[in-house]
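What follows draws every value from the coordinates through simple rules; no lab data is involved. All figures in this text were calculated on a predicted structure; none of them were measured in a lab. Heads up, the Cβs are rebuilt from the backbone with ideal geometry, glycines too, and the neighbour counts pull from every protein chain shown.
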Amino acid sequence: MDNDILKTLYSRQDIAEACQRLGKELETEYQDRVPVVIGVLRGSIFFMADLLRNADTYMEMDFIDVSSYHGGLASSGEVQLVTDITTDVAGRDVLLVEDIVDTGRTLKYLIDLLLKRGANEVKVCTLLDKPTGRVVEAKSDFVGFVVPNEFVVGYGLDYKEQYRNLPYIGVLKPEIYSNN
Ligand code: PRP
Ligand code: MN
Ligand code: MG
């Protein structure tokens with residue numbers, strides 16, 4: 001997989017440091033309440049695991065699977081709910097964990113859904129924020145890195161469902177896209 005990468009944007013070390021910093025921020029935020037932390041599948045799996053092991057505070061975890069890119073380069077514009085959470089979020093403080101916020105559509109869909117179900121509060125922690133991609137308004141409360149306007153893969157982020165298990169985040173060589 002390394003051969004397909006043009007350049008590394010965030011190394012394993014960069015990511016580990018971001019997880020430590022954000023974990024501490026979550027400890028402070030939730031020191032006197034127990035949030036339901038919801039990982040957004042599939043992209044958030046590694047970030048969820050590393051982030052939360054750096055947050056020494058009480059929490060519950062659940063997962064929701066939504067998809068809008070269908071593995072490709074561009075958002076379809078339509079968010080599909082694939083697998084729902086089983087936690088009742090009514091009256092609960094929710095923290096959404098994302099790998100990346102790009103157009104903002106996924107986040108807006110999820111925040112609207114959770115508030116409609118009666119969540120008391122919905123906060124967002126994302127490893128990557130790409131503000132230049134924004135189509136709908138979507139703000140994150142905890143951000144690892146602000147990324148340039150490039151298609152990134154690794155550490156959960158895919159191209160055609162591959163490269164998620166790359167242990168760092170990078171940009172693919174242009175020929176990878178043109179060959180497919
Ligand atoms: C990607 C990414 C975010 C979302 C961000 O997920 O993991 O969840 O898109 O894009 P947006 O801000 O433009 O909505 P995707 O739909 O590709 O599913 P995946 O996590 O399973 O790869
Ligand atoms: Mn995703
Ligand atoms: Mg994807």
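Scan segment 111-135 for residues that are over 17 Å from LEU157 (Cβ atoms) and near ligand 1 (Cβ under 9 Å from one of its atoms) and the total you get is 2.
Among the residues of segment 8-56, the ones that are free of Cβ contacts under 8 Å to residues at least 60 places away in the same chain and part of a loop (DSSP other than H, G, I, E, B) come to 7 in all. Among the residues making up segment 49-105, those that are away from ligand 3 (no atom under 16 Å from the Cβ), polar (S, T, N, Q) and in contact with an Asp or Glu (Cβ under 6 Å, 6 or more places away or on another chain) are THR57, THR87. From the list LYS130, LYS108, which residue is without any contact (Cβ under 8 Å) to a residue 60 or more places away in the chain, buried (at least 19 other Cβ atoms within 10 Å of the Cβ) and within 14 Å of ligand 2 (Cβ to nearest atom)? Exactly one residue qualifies, and that residue is LYS130. For segment 60-76, indicate whether the set of residues that are surrounded by fewer than 19 Cβ atoms within 10 Å (Cβ to Cβ) and in contact with a Pro (Cβ under 7 Å, 6 or more places away or on another chain) is non-empty. Within segment 60-76 (the criterion being surrounded by fewer than 19 Cβ atoms within 10 Å (Cβ to Cβ) and in contact with a Pro (Cβ under 7 Å, 6 or more places away or on another chain)), the answer is no, since none of the residues qualifies. In segment 47-56, how many are surrounded by 17 or more Cβ atoms within 10 Å (Cβ to Cβ) and away from ligand 1 (no atom under 11 Å from the Cβ)? Final tally of qualifying residues: 6.
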